[in-house]
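Asks: Questions regarding the structure given below will be posed in turn.
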Amino acid sequence: MSETSVITILRDSTDRLTAEEPVRWAVGELRAALAARGVTAREAGQIGEVPDGAVCVLVAGPSSSAASEILREASLAMPDAPEAVALTPGRSGSRDVVLASGSDARGLAYATLELADRVAHAADPAQALRVTRPVVEQPANPIRSVTRLFVSDVEDKPWFYDRSFWRRYLTNLATQRFNRFSLALGMGHDFLRGVLDAYFLFPYPFLVAVPGYDVRVAGLSEAERERNLASLRFIGEETARRGLRFQLGLWTHGYEWVDSPNPNYVVEGLTPENHAAYCRDALRTLLQECPTIGGVTLRVHGESGVPEGSYDFWKTVFDGVVQCGRPVEIDMHPKGVDRRMIQVALATGLPITISPKYTAEHMGLPYQQASIRELERVSRPPEGDRFVASLMNQSAGALRYTRYGYADFLEEDRRYGVYFRLWPGTQRLLLWGDPALAAGFGRYAGFCGCLGLEICEPLSFKGRRGSGLPGGRDAYADASLHPEDGDWEKYLYTYRLFGRLLYNPDAEPDGWRRHLSHDLGAAAESAEAALASASRILPLVTTAHHVSAANNRFWPEIYTNMPIVDEARPHPYGDTPAPKRFGTVSPLDPELFLSIEDFVDEVVRGERSGKYSPVRVARWLDELAATAAWHLSDAEARIADRRLPAFRRLAIDVSIQCALGRFFAQKLRAGVAYALYRRTGQLNRLRQELDAYRSARASWIDAIEHGKVYRDDITVGGEPFLRGHWVDRLAAIDADLADMEAEGQRVISASTPGNGDAAGGQAIAALDDEPPPVEYSHTPPVAFDKGRPVLVEIRVRSLDDSTRPISVRLRYRHVNQAETYRSVEMESDAGWYRAAIPGEYSDSPYPLAYFFELHRGRNRAWLYPGFAADLANQPYFIVRRDASRSERSN
């Protein structure tokens, strides 16, 4: 300690906010952080109690006269918004102080925790308290949530009962400015079939005994049930103590396991006649026993075990929330939800939210996708066996478009809240951390008035469906890589980025850099850059080449190969266009990206659409992998000790993601070359495809080598494609490559020398050029009047010497994913292009989305605004209805 060993924390006794429990707890955290650094902190209630010359932290809300004076002298104003934060130096009386203030108890706790975090990470804790640059922030998103899933009797019971874990974990969430924690029970199964591990699957009888019902879990003792309830109470109390809201997810309401001969638990005492009433009374009992539960998340579609359209059942269940004696939010996972279901919920008079998936069951790029796949957008009769079809009679039929996005829920005058849930399909094992993408999620979680984002934390679904293994969740075979204080601490940087950048997408980088600097020293800057580039790879793959929307089929981290050549080769991807092979796979966002087959069709026709091609995506993937590898090499040169576990964990996971980026880049090129050969007969394309696929295989071998620190059986499910190791996937890659080699040998041996070689000589990478240099000038309309034309104009100026004219097409759509885009050619006048969205189209309850498609001849096209270099922006424009004019006209 360089300057003083005693610090006074002045908790203004005249301010009611400082007496609230989250603030008192946060002050305790600041004292503990100082004590851990060898600094004594004493508390005072009035400025006169502060010793002369002492470093003083004033903790006070804006109603405190001392805080108000300091803010006024600093020309600062506390935002009139919940959870706002202010930190600034100032004077109170004759003493210098650091003011930690907030607009409410949660904001004041955040401000105090920010100082504690600075103290914990700074070289000099006293200097950390000397705030030189004032900070005034307010949240961009009212909901910033983390959900933790209980899916494994084996792997999840230890943390569920571990009170020390909960204190550390919840403290981290509050410090990173999350404001909600959700515990999800019953989320590990999408259908109650083939059940092995049923712990908490139908949650109520694992937690409460309901008077009047003889409902029980066979084999579960009363003592264990009471222990479960006590743990749930403790989690809720500790969550509330930190100022966070406690949300309980009850994802399954079916009670019969179908085709399940060997479950570890079964529920007894329920019948179709008492099912709904029991759920009502059990939910009421649970909410009364755990008064800190502020909201319940309910899966109200067929995967809950209750057939869709069971409005009376859900009305009865909702009554249990109504009867609990306090206002509790009802949050519905809205797959298959129609307006009648929403009305049933609204009729309770309680706060109602719906929480659609952000980008299917995966993490794509952070913008809200411009379109959804045709597989989901186009309604058709329910598919699958009779069991599934009876449950999913709406979401697998007429309401397919509600499965994986915001669907048609974003009407301007909606009476319910909407926030998004980021599902754990893309990345759940490897370390993730990109400030640019995290800030993108912070910006676009509030899309069209939505409330924010809930992330499914890393390691979600680990051990689900009876695949849990003893020995911990982190999956390391190398014991030296186990995080010292638990598996979740590997991902502290991930939590930090999401929490702080959901709160403020424009936050100062010090908020996350201090963590890496503390752990990695001189290597921190390069490590940050390496992990950021690596962390864009799999979200880009997810968005551009989406073999399945289901997280329990598509696991990009340990990808199960989809064949390029023979669709009869086994693979798990059912929800993909036929024929089901690599080239026909749809992008997650087909409005902005092309499949391999569609791109090749454009190449052959010589007419481009402007959409991003698989060749362009491959180039981006290679660039991301190369950038990450370069920065990682620099970090390895700078780190003081390369054996440091935190650095090794980061370096290994970055290396694996680089290998995956190169693999997918080369496989995309191989797919393009193969499709071109099939369309044109150009023999040189066979050579190109083989070279690219062999290179992809080599990159997969790199992933295997780096992945040797992990167990040989990493489980996120029981099926082969949800468990195992990178090495287990190699056989399918080799089989596909062998099919390609056999076809090539067969065709080349039968061909005339030179046949087709010249025509196929162009390199795959040369098939898609970057857009020409162009300068744009465009100001989106501030708002539109419902029922009136919406004028859109853009100025386009070429910066090269081409004399070929540019034409511009406006593409637009309601913010309703059930619809398709319309387009209109824009009229050109001296470099300006103008078009109007018709008044009959704007006569709609939805906002409008639009972007520009630019052409220079038939074979040169591109999009504006398109993607920025960091892939973190929104590649289209949104214009919302002028609500003030609508109100005046009513």
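The values are calculated or read from the model by the stated rules, or taken from the named source; none is laboratory data. Being a predicted model, the structure only gives us computed values, none of them experimental. Every residue, glycine among them, receives a Cβ derived from its backbone with ideal geometry; neighbour counts consider all protein chains shown. For accessibility, only protein heavy atoms count, side chains too; no ligands or nucleic acids. Shrake-Rupley method; radii C 1.70, N 1.55, O 1.52, S 1.80 Å.
Asks: Taking the conditions exactly as written (under 27 Å from residue 16 (Cβ atoms), surrounded by fewer than 22 Cβ atoms within 10 Å (Cβ to Cβ) and not charged (D, E, K, R)), does residue 119 satisfy them or not?
Replies: Criteria not met by residue 119.
Asks: Since residue 606 meets every condition but one in (1) crowded, with 17+ Cβ neighbours inside 10 Å; (2) out of contact with any Phe, Trp or Tyr (no Cβ under 8 Å at 6 or more places or on another chain); (3) touching a residue at least 40 places away in the same chain (Cβ under 8 Å), which condition does it not meet?
Replies: (1)
Asks: List the helices (runs of 4 or more DSSP H) that sit entirely inside region 272-373 and contain at least 3 residues that are out of contact with any strand residue (DSSP E or B) (no Cβ under 6 Å at 6 or more places or on another chain) and aromatic (Phe, Trp, Tyr).
Replies: Of the helices (runs of 4 or more DSSP H) lying wholly inside region 272-373, those with at least 3 residues that are out of contact with any strand residue (DSSP E or B) (no Cβ under 6 Å at 6 or more places or on another chain) and aromatic (Phe, Trp, Tyr) span 311-322.
Asks: Please find, among 294, 309, 305, 364, the residue that is farther than 21 Å from residue 254 by Cα, open to solvent by 10 Å² or more (accessible area, probe 1.4 Å) and in contact with a helix residue (DSSP H, G or I) (Cβ under 9 Å, 6 or more places away or on another chain).
Replies: Sole residue among the options that is farther than 21 Å from residue 254 by Cα, open to solvent by 10 Å² or more (accessible area, probe 1.4 Å) and in contact with a helix residue (DSSP H, G or I) (Cβ under 9 Å, 6 or more places away or on another chain): 294.
Asks: Considering region 548-601 alone, what residues qualify as being of a type in the set (S, T, N, Q) and closer than 23 Å to residue 397 by Cβ?
Replies: 548, 551, 552, 576, 586
Asks: Next question, about the same structure. Just a yes or no: is a residue in region 426-444 open to solvent by less than 40 Å² (accessible area, probe 1.4 Å) and within 24 Å of residue 296 (Cβ to Cβ)?
Replies: No, region 426-444 contains no residue that is open to solvent by less than 40 Å² (accessible area, probe 1.4 Å) and within 24 Å of residue 296 (Cβ to Cβ).
Asks: Just one of the numbered conditions (1) under 25 Å from residue 346 (Cα atoms); (2) open to solvent by less than 20 Å² (accessible area, probe 1.4 Å); (3) in a loop (DSSP other than H, G, I, E, B) is not true of residue 411; which one?
Replies: Only one criterion in (1) under 25 Å from residue 346 (Cα atoms); (2) open to solvent by less than 20 Å² (accessible area, probe 1.4 Å); (3) in a loop (DSSP other than H, G, I, E, B) is unmet by residue 411, namely (2).
Asks: Sticking with this structure for a sec: Looking at region 314-328, which of its residues are surrounded by fewer than 21 Cβ atoms within 10 Å (Cβ to Cβ) and either within 25 Å of residue 379 (Cα to Cα) or without any contact (Cβ under 8 Å) to a residue 40 or more places away in the chain (or both)?
Replies: 315, 319, 322, 325, 326, 327
Asks: Name the single residue, out of those in region 1-56 being among the β-branched types (Val, Ile, Thr) and under 22 Å from residue 241 (Cα atoms), that is most open to solvent (accessible area, probe 1.4 Å).
Replies: Step by step, filter region 1-56, then rank; the result is 14.
Asks: Scanning for something surrounded by fewer than 20 Cβ atoms within 10 Å (Cβ to Cβ), within 32 Å of the chain's Cα centre (by Cα) and among the charged types (D, E, K, R), does region 218-237 turn up at least one residue?
Replies: Looking through region 218-237, at least one residue is surrounded by fewer than 20 Cβ atoms within 10 Å (Cβ to Cβ), within 32 Å of the chain's Cα centre (by Cα) and among the charged types (D, E, K, R).
To keep it simple, each residue is scored yes or no on (1) touching a residue at least 40 places away in the same chain (Cβ under 8 Å); (2) open to solvent by 20 Å² or more (accessible area, probe 1.4 Å); (3) within 30 Å of residue 400 (Cα to Cα).
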{"site": "817", "(1), (2), (3)": "yes, no, yes"}
{"site": "824", "(1), (2), (3)": "no, yes, yes"}
{"site": "827", "(1), (2), (3)": "no, yes, no"}
{"site": "854", "(1), (2), (3)": "yes, no, no"}
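Asks: Can I ask one more? What are the residues in region 414-425 that are crowded, with 20+ Cβ neighbours inside 10 Å and either under 30 Å from residue 714 (Cβ atoms) or of a type outside the set (Val, Ile, Thr) (or both), if any?
Replies: 419, 420, 421, 422, 423, 424, 425
Asks: Of everything in region 500-514, what is outside any helix (DSSP H, G or I), crowded, with 19+ Cβ neighbours inside 10 Å and touching a strand residue (DSSP E or B) at 6+ places or on another chain (Cβ under 9 Å)? Give them in sequence order.
Replies: Within region 500-514, 504, 507 qualify.
Asks: Something else about it: Against the definition (at pLDDT 95 or above, small (Gly, Ala, Ser) and within 25 Å of the chain's Cα centre (by Cα)), how does residue 629 come out, yes or no?
Replies: The answer is yes for residue 629.
Asks: Let me ask another. Please go through region 229-268 and give me each residue that is closer than 15 Å to residue 283 by Cβ, in a helix (DSSP H, G or I) and either among the charged types (D, E, K, R) or touching a residue at least 60 places away in the same chain (Cβ under 8 Å) (or both), ordered by number.
Replies: 229
Residues are listed down the side, and each one gets a yes or a no for (1) hydroxyl-bearing (Ser, Thr, Tyr); (2) closer than 15 Å to residue 781 by Cα:
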position	(1), (2)
795	no, yes
798	yes, no
804	no, no
812	yes, yes
818	no, no
821	yes, no
836	no, yes
839	no, yes
846	yes, no
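Asks: Same structure, new question: Quick one: residue 564 ticks every box in (1) in contact with a helix residue (DSSP H, G or I) (Cβ under 6 Å, 6 or more places away or on another chain); (2) free of Cβ contacts under 8 Å to residues at least 60 places away in the same chain except a single one, so which number is it?
Replies: Exception for residue 564: condition (2).
Asks: Another question, then. Regarding residue 144, is this residue basic (Lys, Arg) and crowded, with 18+ Cβ neighbours inside 10 Å?
Replies: Yes, satisfied.
Asks: Yes or no: residue 379 closer than 29 Å to residue 811 by Cβ, open to solvent by 20 Å² or more (accessible area, probe 1.4 Å) and among the polar types (S, T, N, Q)?
Replies: For residue 379, the condition - closer than 29 Å to residue 811 by Cβ, open to solvent by 20 Å² or more (accessible area, probe 1.4 Å) and among the polar types (S, T, N, Q) - is met.
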